[in-house]
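Taking it in order: structure first as structure tokens, then the write-up.
The values are calculated or read from the model by the stated rules, or taken from the named source; none is laboratory data. Since the model is a prediction, treat every value here as computed from it, not as a measurement. Positions of Cβ are backbone-derived with ideal geometry, glycine not excepted, and every protein chain shown enters the neighbour counts. These accessible areas exclude ligands, DNA and RNA; they are computed on the full protein's heavy atoms, side chains included. Shrake-Rupley method; radii C 1.70, N 1.55, O 1.52, S 1.80 Å.
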Amino acid sequence: MAVATSDSILARRLLTDRRSTNFGLKNEVCRGKVVPCWAGGKVKGKGKGRVEVKAAVQIGGLEEVKKAKEEMGLDVVSEEELREKGFLGMRKTKLVCTIGPACCSPQDLEKLALGGMNVARLNMCHNTRDWHRDVIKKINQLNEEKGFCVSVMIDTEGSQIHVLDHGAPSSVKAEEGSTWLFTAQKLEGSPPFTIQANYEGFSEGIEVGDELVIDGGMASFQVIEKVGNDLRCKCTDSGLFLPRAKFSFWRNGKLVARNSELPTLSKKDWADIEFGVSEGVDFIALSFVNDADPVRQLKNYLYMRSSRSTRVLAKVESLESLQKLKEIVEASDGIMVARGDLGVEIPYEQIPTVQEEITRVCREMNKPVIVASQLLESMVEYPTPTRAEVADVSEAVRQYADALMLSGESAIGPYGQKALSILQMASSRMELWSREENRQSILHQRRLGVSLPDRIAEQICNCAVEMANNLGVDAIFVYTKHGQMASLLSRNRPYPPIFAFTSDNGTRMALNLQWGVTPLLVELSDDDMEANISTTVELIRRKGLLKPGDVVMVVSDLTPTHINSTAFQSIQVKTVV
């Protein structure tokens with residue numbers, strides 16, 4: 001019998017024979033005796049954490065399980081994918097789609113959900129709150145009436161001191177040699193060759209001869225004259241002006257530093273956040289985060305404002321955010337790598353290594369990371385991506401990013417559904433290649449837990465993934481209240497998929513962003529783990545998704561309410577019979 005200490009599990013000493021480990025509704029499961037072993041013989045503090053590693057062995061018949069619920073909280077897309085591809089064929093990288101005028105109808109939203117959209121992003125820079133409210137209502141209806149599980153994210157506008165707008169609903173072409181006026185004055189309509197800046201002091205400290213770069217290189221201009229606070233510029237590299245384009249100034253090959261005292265969260269942002277809370281959104285992404293303070297401020301506000309668990313994501317899109325990356329990651333519930341804005345402030349050649357470093361830090365600190373911006377940028381206008389864009393997507397998957405995000409490709413492009421299918425195919429293929437090549441990513445195991453129970457949970461998940469990979473189990477079942485152990489399992493990027501059973505809908509929607517996790521909403525008992533396992537396995541079996549011989553690993557972080565209840569931190573390996 002394998003024994004676990006309070007700090008680690010001797011995973012490699014657990015021997016499991018698939019022919020002798022069984023699980024079925026009418027077969028009794030014999031559990032080995034649990035031998036608690038405390039590090040150093042004593043545990044400081046009042047709480048005691050008991051850990052068990054169990055291999056289930058068939059010896060007879062199981063008593064009848066309680067009647068399973070009529071419906072299982074498995075979304076229709078995951079169910080269909082599981083039927084078609086099996087456990088190991090399920091896509092693990094999550095997909096985020098920005099919703100805009102091109103995809104806001106109920107029919108288009110349903111097509112995106114069927115195509116694998118896990119999270120719908122609403123950019124509060126665009127459209128009215130009534131428009132956003134209508135989209136959220138449509139997504140909720142899809143979830144409730146058609147069995148989807150699509151989370152909703154709002155993206156704050158932030159203090160937009162680096163934003164330009166030409167007033168037109170679509171892109172405008174800037175030709176080389178043409179002269180344009182950049183002004184902070186409010187414009188009516190869209191006068192030709194005139195661009196409005198969102199910030200009155202946008203030209204402070206700018207000199208004639210400086211270079212003005214749009215969206216990291218979509219178009220470039222040279223300042224030829226300053227007229228009061230306005231700038232007259234000549235286009236030196238032709239390109240497209242997208243609505244609400246980002247800009248930066250460069251002098252002698254270096255970024256011109258801009259020092260603004262505007263807060264990260266504007267008055268409009270706070271109004272948008274209040275709107276998001278009232279509409280029950282699952283994620284709020286903060287724009288232009290330069291340190292951890294606004295993240296903490298918003299999380300404290302949400303804690304006091306709402307009992308619902310809304311996650312706060314920080315967007316990394318500036319030099320300042322890179323310099324304080326670890327404190328921002330630690331304070332937030334996740335990170336979005338906004339490569340478009342980030343590419344405005346750092347040289348092109350640094351983007352790949354910066355992206356990989358951000359992804360690594362997020363994994364170490366157990367925070368989901370979204371790679372965003374310009375993944376399939378050409379599909380804003382064309383029906384096929386470039387080969388370089390597909391390679392870029394594959395590299396993000398190879399780096400084990402939790403999620404990939406479409407921006408203009410889905411929001412304003414005519415080929416949003418095709419762009420989503422390309423993300424889905426490219427990520428699935430790269431995941432398969434990584435598994436076939438046995439390319440398990442080596443992660444420096446930065447210790448996260450401080451209390452003994454948290455350290456135990458962390459060690460259980462680390463060892464559970466190693467065991468799951470070595471034993472070749474088909475799936476990992478985790479029973480969780482707040483999603484802690486599901487995220488710790490995801491952090492280790494196991495080969496088999498993770499099915500997270502929870503009775504909390506907020507936890508379910510938050511886990512929608514975690515790599516390799518399929519969240520299911522079910523009623524769970526804190527005191528009877530065997531009943532939880534029996535009920536959920538039967539639910540999945542009745543769907544025809546589990547077959548005899550399938551091997552599942554079971555992990556739980558449910559806390560018993562009674563002292564004599566089954567140990568809540570455990571690893572079990574069971575074979576379906």
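Only one residue of Gln459, Asn532, Asn512 has its Cα farthest out toward the positive end of the dipole of region 455-576, where Lys and Arg carry +1 and Asp and Glu -1 on Cβ, and that residue is Asn512. What region 455-576 shows is 28 Å² of accessible area per residue, with the surface traced by a 1.4 Å probe over protein heavy atoms.
For the listed peptides 199-211, 330-342, a ranking on the average number of other beta carbons within 10 Å per residue, highest first, reads 330-342, 199-211. Taking 0.36 nm per residue of sequence separation and removing the Cα-Cα distance, the Lys186/Glu200 pair yields an extension gain of 4.0 nm. Of the solvent-accessible surface of region 162-255, computed with a 1.4 Å probe and all protein chains present, 45% belongs to carbon and sulfur. Using the Cβ-Cβ distance between Trp250 and Asn470 with R0 = 51 Å, the FRET efficiency computed as 1/(1 + (r/R0)^6) comes to roughly 0.45. Gain on full extension, evaluated as 0.36 nm per residue between Phe193 and Ala257 minus their Cα-Cα distance, stands at 20.4 nm. Cross-link check: pairs Lys315/Lys367; Lys111/Lys547; Lys246/Lys418; Lys92/Lys418; Lys186/Lys267 evaluated at a Cα-Cα cut-off of 21 Å; pairs beyond the cut-off: Lys111/Lys547; Lys246/Lys418. Peptides 83-94, 313-324 ranked from most to least packed, by the mean per-residue count of other Cβ atoms within 10 Å: 313-324, 83-94.
Fully extending the segment from Gln222 to Asp108 would add 36.9 nm, taking 0.36 nm per residue of separation and subtracting the current Cα-Cα distance. Among the chymotrypsin sites (Phe, Trp or Tyr not before Pro) in region 326-432, none is located in a DSSP loop while being surrounded by at most 15 other Cβ atoms within 10 Å of its own Cβ. Rounded to the nearest 20, the size of the Cβ-charge dipole of region 455-576 about its Cα centre is 400 debye, with Lys and Arg at +1 and Asp and Glu at -1.
With all protein chains kept in place, the per residue accessible area of region 162-255 amounts to 49 square angstrom at a probe of 1.4 angstrom. Here's the picture: charge each Lys and Arg Cβ at +1 and each Asp and Glu Cβ at -1 in region 234-290, and of Thr264, Val277, Phe241 the one pushed furthest to the positive end of that dipole is Phe241. The spacing between region 77-151 and region 536-562, judged by their C-alpha centroids, is 27 Å.
Among Lys226, Lys267, Lys326, the order of accessible area from largest down is Lys267, Lys326, Lys226, computed with a 1.4 Å probe on protein heavy atoms. Taking all protein chains together, Lys543, Lys418, Lys254, Lys137 sort by accessible area into Lys254, Lys137, Lys418, Lys543, largest first [probe 1.4 Å]. Here region 162-255 yields Rg over Rh of 0.91, to two decimals, using C-alpha coordinates and the Kirkwood radius. Taking amide H positions as modeled 1.01 Å from N, with prolines and chain starts lacking one, the residues under 5 Å from Val256 and 5 or more places away or on another chain are Phe249, Trp250, Arg251.
Summed over the residues of region 115-156 and divided among them, the accessible surface reaches 38 Å² per residue at a probe radius of 1.4 Å.
In this rough spin-label picture, where each label sits 7 Å from Cα along the Cβ direction, the Lys173-Glu84 distance is 3.9 nm. Remark on Gly73: its backbone amide H falls under 5 Å from those of Leu521, a criterion applied only to residues 5 or more positions apart or on other chains, H modelled at 1.01 Å from N.
Grouping the Cα pair distances of region 239-364 into 10 Å bins from zero gives a pair-distance distribution of 11, 39, 34, 14, 2, 0 percent in increasing distance order. Rolling a 1.4 Å probe over the protein heavy atoms of region 455-576, with every protein chain left in place, gives an accessible area that is 46 percent carbon and sulfur. Measuring with a 1.4 angstrom probe and ignoring ligands and nucleic acids, His482 comes out at about 130 Å² accessible. In this rough spin-label picture, where each label sits 7 Å from Cα along the Cβ direction, the Glu523-Lys267 distance is 4.9 nm. The residue among Val393, Met365, Gln350 whose Cα reaches farthest toward the positive pole of the charge dipole of region 328-473, with charges on the beta-carbon of Lys, Arg, Asp and Glu, is Met365. Of all aspartates and glutamates in the structure, the ones whose alpha carbon falls short of 12 Å from that of Lys234, not counting any fewer than 8 places away in one chain, are Glu175, Glu176, Asp210, Glu211, Glu225.
Among 470-476, 450-456, the peptide with the highest mean count of other Cβ atoms within 10 Å heads the list, and the full ranking is 470-476, 450-456. Distance distribution note for region 455-576: the fraction of Cα pairs above 24 angstrom is 18%.
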